1. Of the residues that sit in the range A:1-36 and are part of a strand (DSSP E or B), among the aliphatic types (A, V, I, L, M) and at pLDDT 90 or above, which one is surrounded by the fewest Cβ atoms within 10 Å (Cβ to Cβ)?
2. So in the range A:87-129, with the set limited to residues that are among the aliphatic types (A, V, I, L, M) and touching a His at 6+ places or on another chain (Cβ under 8 Å), which one is modelled with the lowest pLDDT?
3. Assess whether A:Glu58 counts as being farther than 27 Å from B:Thr7 by Cβ, over 16 Å from the mean Cα position of the chain (by Cα) and of a type outside the set (S, T, N, Q).
4. Could you look through the range A:37-54, keep only residues that are in contact (Cβ under 8 Å) with a residue 12 or more places away in the chain and not in a strand (DSSP E or B), and pick out the one that is farthest from the other protein chains (Cβ to nearest Cβ)?
5. Restricting attention to the range A:61-98, and to residues there that are of a type in the set (S, T, N, Q), more than 14 Å from A:Lys119 (Cα to Cα) and surrounded by fewer than 18 Cβ atoms within 10 Å (Cβ to Cβ), which single residue is farthest from the other protein chains (Cβ to nearest Cβ)?
6. Name the residues in the range B:22-58 that are polar (S, T, N, Q) and outside any helix (DSSP H, G or I), would you?
7. Would you confirm whether or not the range A:14-29 contains a residue that is hydroxyl-bearing (Ser, Thr, Tyr) and either under 17 Å from B:Arg34 (Cα atoms) or more than 14 Å from every other protein chain (Cβ to nearest Cβ) (or both)?
8. Could you list, in sequence order, all residues of the range B:63-95 that are aliphatic (A, V, I, L, M), modelled with pLDDT under 95 and within 30 Å of B:Phe131 (Cβ to Cβ)?
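The values are calculated or read from the model by the stated rules, or taken from the named source; none is laboratory data. Note that the structure is a prediction, hence the values are computed from the model and not measured. As a convention, Cβ positions derive from the backbone with ideal geometry for all residues, glycine included, and neighbour counts pool all protein chains shown.
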Amino acid sequence: MTTLTQLDDDECWELLRGNHTGRVAFVSGDRPVILPVNYVLDGESIVFRTAPGQKLAEIPMRHVAFEIDGTTADGAWSVLAQGQAREMTNAVGEASEALRAIPIPIQAPGDKDHWIAIKVSHITGRRVHREATDEVGGT
Amino acid sequence: MDERFDTEVLPEAECWELVSRTVVGRLAVCLDGRPHIFPINFVRDADSILFRTASGTKLSAARDCRVAFEIDGYQPETGVAWSVVVAGMATEVRSGIEWADVHDLPLFPWHVGPKGHFVRIEADEVSGRRFRAPYANASGFQHASPP
């Protein structure tokens, strides 16, 4: 037996704050693209760094989706955020400079001089709780 | 930079090996021109990914469309992180024989509810990479390495 619970906004934000690896998806032409990123949460923005290339060229100023998930001893959870992505690399102002000073805990190697921020406009989450008697593979 | 930290592009066979050993992935679809991500339980079947779903937005956004699929993992002991992305057309499994074949696959459902449909992603692009995170620590990633 499994039960599905919707997470409230506070729980979703807490999970976003407490994790540092997620996946960003965007539409390129008419195709979906998904990439893992390391991120930090800054206020209501998901911030990550990226190297020049497809990720950078495609993401800024687009509507994107962002997902994190995890497993627990008795189930799993996921959070999906959606919002507009902006490149913050050369943005001026105190807030942008502060954002660029945020340390991101884990980084893939290589130069990652470009900063992208996703301003979250919509967030949902859910938790699946699995009863202890459940067998994996059941329905 | 220390070359241990360089990103390694994974050969396709190794990407599939990681797909075989992983049970949770993320499906990315376009819905009304916008991207959506769904976590899914899946199994690998040759060069395809199979998952179950109920009728709904996931099914209608994926069926007969090009989709992308992602898995990743991290080993805190070694600091090694990896990811694999598969892209291809998603089609619903409809033929009786094929449906019978996939029906008994060990697809643990991500959430409750009827899961009457099987969807196959026929891969036409597979890419993967692996790197050692220079500043790795156990708190940064939630996913353990595949069993």
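1. The initial filter retains those residues of the range A:1-36 that are part of a strand (DSSP E or B), namely A:2-7, A:21-28, A:31-36.
Adding the requirement that they be among the aliphatic types (A, V, I, L, M) leaves A:4, A:7, A:24-25, A:27, A:33-35.
This time we only want the ones that are at pLDDT 90 or above, so: A:7, A:24-25, A:27, A:33-35.
Numbers: A:Leu7: 18, A:Val24: 27, A:Ala25: 26, A:Val27: 21, A:Val33: 21, A:Ile34: 25, A:Leu35: 21.
Per the stated criteria, the residue is A:Leu7.
2. In the first step, residues of the range A:87-129 are kept if they are among the aliphatic types (A, V, I, L, M); the result is A:88, A:91-92, A:95, A:98-99, A:101-102, A:104, A:106, A:108, A:116-118, A:120, A:123, A:128.
Now drop any that are not touching a His at 6+ places or on another chain (Cβ under 8 Å), which leaves A:104, A:106, A:128.
Working: A:Ile104: 67, A:Ile106: 56, A:Val128: 87.
Once the filter is applied, the top-ranked residue is A:Ile106.
3. Values: farther than 27 Å from B:Thr7 by Cβ: no; over 16 Å from the mean Cα position of the chain (by Cα): yes; of a type outside the set (S, T, N, Q): yes.
In short, no.
4. Of the range A:37-54, the ones in contact (Cβ under 8 Å) with a residue 12 or more places away in the chain are A:37-42, A:44-52, A:54.
Now drop any that are not not in a strand (DSSP E or B), which leaves A:44, A:51-52, A:54.
Numbers: A:Glu44: 19, A:Ala51: 10, A:Pro52: 14, A:Gln54: 11 Å.
Applying the filter and picking the extreme gives A:Glu44.
5. Restricting attention to the range A:61-98, the residues satisfying the condition of being of a type in the set (S, T, N, Q) are A:71-72, A:78, A:82, A:84, A:89-90, A:96.
Okay, now just the ones that are also more than 14 Å from A:Lys119 (Cα to Cα), so A:71-72, A:78, A:89-90.
Applying the additional criterion that residues be surrounded by fewer than 18 Cβ atoms within 10 Å (Cβ to Cβ) yields A:71-72, A:89-90.
On the way: A:Thr71: 7, A:Thr72: 10, A:Thr89: 21, A:Asn90: 24 Å.
My answer is A:Asn90.
6. Passing the criteria: B:Thr22, B:Asn41, B:Ser48, B:Thr53, B:Ser55.
7. First pass over the range A:14-29, keeping only residues hydroxyl-bearing (Ser, Thr, Tyr): A:21, A:28.
Checking which are either under 17 Å from B:Arg34 (Cα atoms) or more than 14 Å from every other protein chain (Cβ to nearest Cβ) (or both) leaves us with A:28.
Yes, that holds for at least one residue.
8. First, the residues of the range B:63-95 that are aliphatic (A, V, I, L, M): B:67-68, B:71, B:80-81, B:84-87, B:89-90, B:93.
After this cut, where a residue has to be modelled with pLDDT under 95 as well, the list is B:80-81, B:93.
Across the range B:63-95, the qualifying residues are B:Val80, B:Ala81.
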